[in-house]
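Asks: Got a structure for you, written out below as structure tokens; questions coming shortly.
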Amino acid sequence: MTPTLMIVEDDRELQELYSAMLEGLGCEIAIVEDGVEALDGLAVIQPDVVILDILLDRMMGDEFHRRMRQDPRHRDTPVVVVSVLSRDRCEEMLEMDSHTVFLRKPFRKRDLVEAVARGLGTEA
């Protein structure tokens, strides 16, 4: 079965960049633009990994992360948080857990690919 990656990012250029960076992992990619769309998507998609921006319209990434973790189906889904905010600021906003990894923008392609691959349980 093909793994699914959900990208929660409101910047179209970054959506395309992440998709291009990760195409070698062989995932189906679902792109949503904010936390509201992401929550709606969780009703029909069981992502294997979520890439999550924090600064989003309608519902911020930290609120989506909190709600996602409240759902038993998604409590342990790996999340790669990508943000311009500092790690300390994101840790203040998020309930960081062992299934959540942080990358500060800008980051290296290798770091994103490795973080997603780890979440999928594969090697990059």
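Asks: Quick one: order Glu13, Glu33 from most to least accessible surface, probe 1.4 Å.
Replies: Glu13, Glu33
Asks: Continuing with the same structure: Just by accessible area at a 1.4 angstrom probe, what is the order of His65, His99 from largest to smallest?
Replies: His99, His65
Asks: Further question: Helix-only estimate, please: 222 nm mean residue ellipticity of the chain, summing -39500 (n - 2.57) across DSSP H runs of length 4 or more and dividing by its residues, to the nearest 500.
Replies: Helix-only estimate at 222 nm: -11000 deg cm²/dmol.
Asks: Which of rounded, prolate or oblate describes the chain when judged by the alpha-carbon gyration tensor and an a/c cut-off of 1.5?
Replies: rounded
Asks: For Met59, what residues show an amide H to amide H distance below 5 Å, using hydrogens built from the backbone and excluding near sequence neighbours?
Replies: Residues meeting the amide H criterion: Gly35, Val36.
Asks: Sorting Arg69, Arg104 by accessible area (1.4 Å probe), largest first, what list results?
Replies: Most to least solvent-accessible, the answer reads Arg104, Arg69.
Asks: Report the residues of region 12-29 in range of a label on Val44: point 7 Å along Cα→C-beta, backbone N strictly under 19 Å from it.
Replies: Of the residues in region 12-29, 28-29 have backbone N under 19 Å from the label point off Val44.
Asks: Follow-up. Can you compute the label reach from Thr2? Point 7 Å from Cα along the Cβ direction, backbone N cut-off under 20 Å, restricted to region 91-120.
Replies: Only 113, 116-120 fall inside the zone, counting backbone N under 20 Å.
The values are calculated or read from the model by the stated rules, or taken from the named source; none is laboratory data. This is a predicted model, so every value here is computed, not measured. Because the Cβ atoms are built from the backbone with ideal geometry, glycine has one as well, and the counts that use them run over all protein chains shown. The area values use the complete protein model at the heavy-atom level, side chains included, leaving out ligands, DNA and RNA. Shrake-Rupley method; radii C 1.70, N 1.55, O 1.52, S 1.80 Å.
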